[in-house]
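Novice: After the C-alpha cells below, expect a handful of questions from me.
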Amino acid sequence: MLLVLLWQWTTVRANYGGNWSALFCTGSIRGVPPNLAGEHIYQFQESTGYDGQIYHYMAHDPLFRSAELKPFVDAPRLRYRRILVPALAWMLAVGQSEWVDWAYRVECLLWIGLGVFWSAELCVSFGRPAAWGLAFVLLPATLVTIDRMVVDGVLATLSVGFVLYVKRGSWHLWVVLALAALTRETGLLLLGGYCGYLLLRRQWAPMLRFSLAAVPAALWFAYVDAHTAAIHIATNPIPLGSIAAAIFHPAPYPPNVPLVPILLAADELAIAAAIFAFSLVVFLVFVRRCLQPECLAAFGFVLTGIALQNADHWTNVFHYSRVYTPLLIVLALHGLSQRSAIWIVPWLAMLPRIGMQLAPQILHVLGR
C-alpha cells in the first residue's frame, strides 16, 4: 500500500501539478458538475475521460439525488449497479462531500492491500513464499485502478478472496460473493461458478443458501431500475466478432503518437494473450475436467468474452484486461498449485502494452 501510494504521489506531483483529482481521469469534453467546481478537478483536455470519473461522481451521490450530478453519469442504470466502491467511499467520508475524494483513494489502497494479503495467504497454502503475493499489484485490474480509480481492482481482490475461501470452506465466502455482485455485474459470475459447482454435486441446501448472496445485489438493482431509464448497449451479435474486428481492423492512432508499429504489435500480443487465456480455461474445464468453482466462474468470463462484448471493448488493453483479470487470477493460481508457468503467460503477455500506456507518466517522472 505504501509503495502504491508513493507511486501515486510521485506521478501526481510530476505529471499533474500536485492535483490528486487527476487520478479520476476526468475528461474536458464532458466537463465537471457545477456542484463540484470547488474541487478544482483536473481535466484531461480533448478527452472524454475514463470510468473513474463516473465512480467519483457516484461517491458524492450514491443514491442519485443530485440533479446537478445526474447529467454527468453516462448510462446511469449500468453505472449505479456498480455501487460498492462509491458507496463505501461515501460512508468512509461520513457523507461529507469534501472528504469523499480522499476516502475513495484510501478505500482503493485498502482493497489493494487486502488483495496482496489474500494472495500471500494463497501462496503460502501452495507452499510458496508469502512475498509472491505482491504480484497482485501487477495484475491488469490493479494497475488500471491505481492509475484511474476504477472498480475492477476491488473485484480482483474479491476474486482472490473467492478462491481462498472456497479452499477454506469459510462463511466469509458468502460475504465475498455478495460484495462481488455489488462491485460490478461480472461479480455475479463468481456466484454462478460456486452455485454451479454445488448444483453439479447436488448439494441443494448449500446452493440455496449461497444463491441468497445475490439478494443484496438484486434489491439494489431493482432500486436502480426504478430510478433510472432503460439503456441499450450495442453488442456484436457474431461470437468473437469484436475480437476479430480489433485484430483485423485495429483503431488508428493519432498522427502525433510515436512508435506506432511497436504499439500495434503490443496490441496484437495482448489480444492474443486474452484468446490464449480463454483457450486455457476451455482446456481446464473440458479436457482436464476441472469443475471446481473457480474454473466454472472463469468459464463464465469466457462466455461473456465470446458473446457479450460491445464493439469497442477490445480496442484498448485497459478495457478488456481489467475486465478479465478474475480469469487471469484463476489461471495464475492454478499454475501456482501445479507448479507450471504456462498458466501465467496470458497475464505476462498483457503487461508490455499496459506498460506502454503508462510509459509517458513514468518518463516524465524520470525527467525524460
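The values are calculated or read from the model by the stated rules, or taken from the named source; none is laboratory data. Values in this document were obtained by computation on a predicted structure and should not be read as measured data. Here the Cβ positions follow ideal geometry from the backbone for every residue, glycine too, while neighbour counts run over all protein chains shown.
Novice: Take the range 220-262 and flag every residue that is under 25 Å from the mean Cα position of the chain (by Cα) and on the phi > 0 side of the Ramachandran plot.
Specialist: L240
Novice: Looking only at the range 318-331, count every residue that is in contact with a helix residue (DSSP H, G or I) (Cβ under 8 Å, 6 or more places away or on another chain) and either free of Cβ contacts under 8 Å to residues at least 40 places away in the same chain or closer than 30 Å to R13 by Cα (or both) and tell me the total. Give the steps one after another, and end with the answer.
Specialist: Initial filter on the range 318-331 (in contact with a helix residue (DSSP H, G or I) (Cβ under 8 Å, 6 or more places away or on another chain)): 318, 320-331.
Imposing the further condition that a residue be either free of Cβ contacts under 8 Å to residues at least 40 places away in the same chain or closer than 30 Å to R13 by Cα (or both) reduces the set to 318, 320-323, 325.
Of the residues in the range 318-331, 6 are in contact with a helix residue (DSSP H, G or I) (Cβ under 8 Å, 6 or more places away or on another chain) and either free of Cβ contacts under 8 Å to residues at least 40 places away in the same chain or closer than 30 Å to R13 by Cα (or both).
Novice: Hey, could you check the range 266-301 for residues that are part of a helix (DSSP H, G or I) and either outside the structural domain of V345 (by TED's automatic domain parsing) or free of Cβ contacts under 8 Å to residues at least 24 places away in the same chain (or both) and say which is farthest from V166 (Cα to Cα)? Give the derivation first.
Specialist: Step one: list which residues in the range 266-301 are part of a helix (DSSP H, G or I), which gives 266-286, 293-301.
Keeping just the survivors that are either outside the structural domain of V345 (by TED's automatic domain parsing) or free of Cβ contacts under 8 Å to residues at least 24 places away in the same chain (or both) gives 268, 279, 282-283, 285-286.
Values: E268: 35, S279: 24, V282: 21, F283: 21, V285: 17, F286: 21 Å.
If we take residues in the range 266-301 being part of a helix (DSSP H, G or I) and either outside the structural domain of V345 (by TED's automatic domain parsing) or free of Cβ contacts under 8 Å to residues at least 24 places away in the same chain (or both), then E268 is farthest from V166 (Cα to Cα).
Novice: Quick one: which residue in G133, G161 is farther than 14 Å from S321 by Cβ, under 16 Å from the mean Cα position of the chain (by Cα) and assigned to a helix (DSSP H, G or I)?
Specialist: Details: G133 fails: under 16 Å from the mean Cα position of the chain (by Cα).
Of G133, G161, the one residue that is farther than 14 Å from S321 by Cβ, under 16 Å from the mean Cα position of the chain (by Cα) and assigned to a helix (DSSP H, G or I) is G161.
Novice: Now for a separate question. Looking at the range 166-187 only, could you name the residues that are over 22 Å from Y80 (Cβ atoms) and in a loop (DSSP other than H, G, I, E, B)?
Specialist: G169, S170, W171
Novice: Considering L190, L259, L240, L219, which residue is surrounded by 18 or more Cβ atoms within 10 Å (Cβ to Cβ) and of a type outside the set (D, E, K, R)? Quick ask: steps written out before the conclusion?
Specialist: Working: L259 fails: surrounded by 18 or more Cβ atoms within 10 Å (Cβ to Cβ); L240 fails: surrounded by 18 or more Cβ atoms within 10 Å (Cβ to Cβ); L219 fails: surrounded by 18 or more Cβ atoms within 10 Å (Cβ to Cβ).
Unique residue meeting the criteria: L190.
Novice: List pairs: first in the range 44-60 and touching a residue at least 60 places away in the same chain (Cβ under 8 Å) and outside the structural domain of P254 (by TED's automatic domain parsing), second surrounded by fewer than 21 Cβ atoms within 10 Å (Cβ to Cβ) and part of a strand (DSSP E or B), Cβ under 8 Å, 6+ apart or cross-chain?
Specialist: So the pair list comes out as Y50/G27.
Novice: What number of residues within the range 275-320 are modelled with pLDDT of 95 or more, of a type in the set (V, I, T) and closer than 18 Å to L189 by Cα?
Specialist: Residues flagged as modelled with pLDDT of 95 or more, of a type in the set (V, I, T) and closer than 18 Å to L189 by Cα within the range 275-320 amount to 4.
Novice: Now for a separate question. Which is free of Cβ contacts under 8 Å to residues at least 24 places away in the same chain, more than 27 Å from F276 (Cα to Cα) and not basic (K, R), of P258, P252, P237? Break it down into steps so the answer makes sense when it comes.
Specialist: On the way: P252 fails: more than 27 Å from F276 (Cα to Cα); P237 fails: more than 27 Å from F276 (Cα to Cα).
Testing whether each residue is free of Cβ contacts under 8 Å to residues at least 24 places away in the same chain, more than 27 Å from F276 (Cα to Cα) and not basic (K, R) leaves just P258.
Novice: Out of curiosity, is A298 more than 20 Å from the chain's Cα centre (by Cα), within 27 Å of I329 (Cα to Cα) and surrounded by 15 or more Cβ atoms within 10 Å (Cβ to Cβ)?
Specialist: On the way: more than 20 Å from the chain's Cα centre (by Cα): no; within 27 Å of I329 (Cα to Cα): yes; surrounded by 15 or more Cβ atoms within 10 Å (Cβ to Cβ): yes.
Judged against the criteria, A298 is not a match.
Novice: Working only within the range 344-366, note down all residues that are of a type outside the set (G, A, S) and either out of contact with any helix residue (DSSP H, G or I) (no Cβ under 9 Å at 6 or more places or on another chain) or within 12 Å of A273 (Cβ to Cβ) (or both). Don't jump to the end; show me each part of the working.
Specialist: Taking the range 344-366 as the starting set, the residues that turn out to be of a type outside the set (G, A, S) are 344-348, 350-354, 356-358, 360-366.
Hits for the range 344-366 are I344, V345, P346, W347, L348, M350, L351, P352, R353, I354, L363.
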